[in-house]
Every structure is written in structure tokens, then in C-alpha cells.
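I have placed the structure first, in the form of C-alpha cells, so that the comments after it can refer back to it.
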Amino acid sequence: MTTIELTSSQERVLTALVNLAENADRPVSGSEIAESIDRNAGTVRNRMQSLRDLRLVEGVPGPEGGYVPTDGAYDTLGVERMDDAEITPVAVDGDPVEGVNVEEIDLSNVANPELCRAEIVIRGPVGPFEAGDHVTAGPTPTAGLRISGTVDATNVDGNTLLLRVDGMETPAADAADTADAADPTDAASAGAAD
């Protein structure tokens with residue numbers, strides 16, 4: 001298998017298409033891509049032509065047309081499709097952000113709460129997020145992790161939010177602690193009944 005080397009501009013446009021396509025049940029228009037990366041629609045169309053030539057995108061003609069990433073696009077970017085992914089919601093100042101799903105959460109400096117940061121990789125546009133916004137992500141499907149904090153920066157190219165963490169909670173762990181606390185009583189009662 002050959003590796004496709006993309007220019008930074010091609011990679012930016014392709015990444016935007018992949019992220020926007022994850023939550024769309026239709027082709028993504030060039031103007032949507034341009035808006036999400038703050039570029040001119042003509043520039044996006046030019047990049048799409050080269051990406052079509054590389055067989056990384058397919059064009060869909062017509063008024064409801066646009067672009068669809070191919071399997072090669074995902075392979076080239078090193079990302080997985082999130083077709084059957086469970087939703088991890090994201091909210092800004094308590095308001096849910098539609099069309100956005102969390103792909104990955106990386107934490108740093110967990111041992112030092114004042115320095116704790118989270119890098120949240122999302123699928124969908126980062127346009128709704130700005131530095132200074134209070135963001136909550138979660139609960140995650142498995143652990144129920146909910147993380148909240150203030151956006152320090154956004155990375156439009158990679159759809160990444162950098163958060164200064166001010167809170168983390170796992171309701172699943174809280175429920176387990178409550179269940180564990182109840183178990184000794186239940187065990188003692190069960191022992192007395194035997």
C-alpha cells in the first residue's frame with residue numbers, strides 16, 4: 001500500500017470534510033467546508049479537485065450535492081470511521097452542540113489539579129467553540145466520564161479543543177461507591193438470614 005503525501009492545505013480540507021461528514025446523512029458542500037476552516041469556497045473547490053484525482057473524495061453533483069470522503073481518505077488521515085460510534089455529547093455554556101461528537105480525550109497533569117488540561121478531539125465543526133467558552137463533554141459511553149473546563153484554544157485543522165479542566169466526574173464510579181457502601185449491610189443481613 002502506498003502512502004499519499006498531502007500538502008498542508010489538502011490535509012486541512014480533507015480533515016474538515018471527514019469531520020463534517022461523520023454527522024451528516026448527505027454530501028458535505030464546499031461552502032460548509034470553507035466555513036468550517038475559514039477559507040474561500042473557491043480554494044476548497046480547487047483542493048477538492050486534487051483530492052478527487054487522488055481518489056480520496058467523491059463528488060456528488062446536483063443542488064443537494066457536495067463531497068463524500070472515501071475509505072482512502074480515512075486511511076490517509078489515520079482516522080477511523082465513527083459510523084456506529086456512541087455519542088459523547090458536548091455543550092457550550094450548558095447548551096448542547098448539535099453535530100459534534102467526541103472522538104478522544106487526552107488528559108495531562110492529572111496529579112496537579114491547577115495545571116490539569118484536556119485535549120478533546122471532536123468530529124464535527126470546531127466553529128461553535130471559542131477561547132473562554134465553558135465546555136462540558138460527556139458522559140462518555142463506558143465510564144460515564146464528564147469533563148468540564150474553559151477553552152484555552154481551538155485547533156481548526158485537527159478539530160481539537162484544549163481545555164483548562166475545572167471538573168471531572170464519573171457518575172458510574174459514584175454509583176459503584178454507593179453500591180459498595182450498601183453491600184456490607186446487605187452481606188451482614190444475608191449472613192444473619194443463613
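Structure values in brief
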{"read-out": "Of all residues making up segment 18-31, the number that are over 17 Å from ILE122 (Cα atoms) and part of a helix (DSSP H, G or I)", "value": "2"}
{"read-out": "Output for segment 89-101, where each listed residue is assigned to a strand (DSSP E or B) and without any contact (Cβ under 8 Å) to a residue 40 or more places away in the chain", "value": "ASP95, PRO96"}
{"read-out": "Residue count for segment 78-88, restricted to those that are polar (S, T, N, Q) and either free of Cβ contacts under 8 Å to residues at least 24 places away in the same chain or under 14 Å from ALA24 (Cβ atoms) (or both)", "value": "0"}
{"read-out": "Residue check for ALA187: modelled with pLDDT under 90, surrounded by fewer than 14 Cβ atoms within 10 Å (Cβ to Cβ), in contact with a Gly (Cβ under 8 Å, 6 or more places away or on another chain) and at negative phi", "value": "no"}
{"read-out": "Where a residue in segment 47-70 is free of Cβ contacts under 8 Å to residues at least 60 places away in the same chain and its partner, wherever it lies, is of a type in the set (Asp, Glu) and in a strand (DSSP E or B), with Cβ under 9 Å and at least six apart", "value": "ARG52/GLU58; TYR67/GLU58; VAL68/GLU58; PRO69/GLU58; THR70/GLU58"}
{"read-out": "Residue match in segment 109-116 (condition: surrounded by 14 or more Cβ atoms within 10 Å (Cβ to Cβ) and out of contact with any Phe, Trp or Tyr (no Cβ under 7 Å at 6 or more places or on another chain))", "value": "yes"}
{"read-out": "Enumeration of residues in segment 114-135 that are of a type in the set (A, V, I, L, M), under 13 Å from the mean Cα position of the chain (by Cα) and in a loop (DSSP other than H, G, I, E, B)", "value": "VAL126"}
{"read-out": "Filtered residue count, segment 10-56, keeping only those that are farther than 25 Å from ASN101 by Cβ and either hydrophobic (A, V, I, L, M, F, W, C) or under 21 Å from the mean Cα position of the chain (by Cα) (or both)", "value": "2"}
{"read-out": "Among (1) touching a Ser or Thr at 6+ places or on another chain (Cβ under 6 Å); (2) at pLDDT below 90; (3) over 16 Å from VAL79 (Cβ atoms) - the single one ILE4 does not satisfy", "value": "(3)"}
{"read-out": "Check on GLU11, part of a loop (DSSP other than H, G, I, E, B), farther than 16 Å from GLY127 by Cβ and acidic (Asp, Glu)", "value": "no"}
{"read-out": "Of residues in segment 117-135 being surrounded by fewer than 20 Cβ atoms within 10 Å (Cβ to Cβ) and not hydrophobic (A, V, I, L, M, F, W, C), the one modelled with the lowest pLDDT", "value": "GLY127"}
{"read-out": "Sole residue being under 16 Å from the mean Cα position of the chain (by Cα), exposed (fewer than 14 other Cβ atoms within 10 Å of the Cβ) and assigned to a loop (DSSP other than H, G, I, E, B), chosen from GLU64, GLU104, GLU86, GLU5", "value": "GLU86"}
{"read-out": "Residue satisfying all of: in segment 138-157; modelled with pLDDT under 90 and farther than 14 Å from MET168 by Cβ; surrounded by the fewest Cβ atoms within 10 Å (Cβ to Cβ) among these", "value": "THR142"}
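The values are calculated or read from the model by the stated rules, or taken from the named source; none is laboratory data. A quick note: this is a predicted structure, and the numbers were derived from the prediction, not measured. FYI the Cβ positions are ideal-geometry reconstructions off the backbone, even for glycines, and counts take in every protein chain you see.
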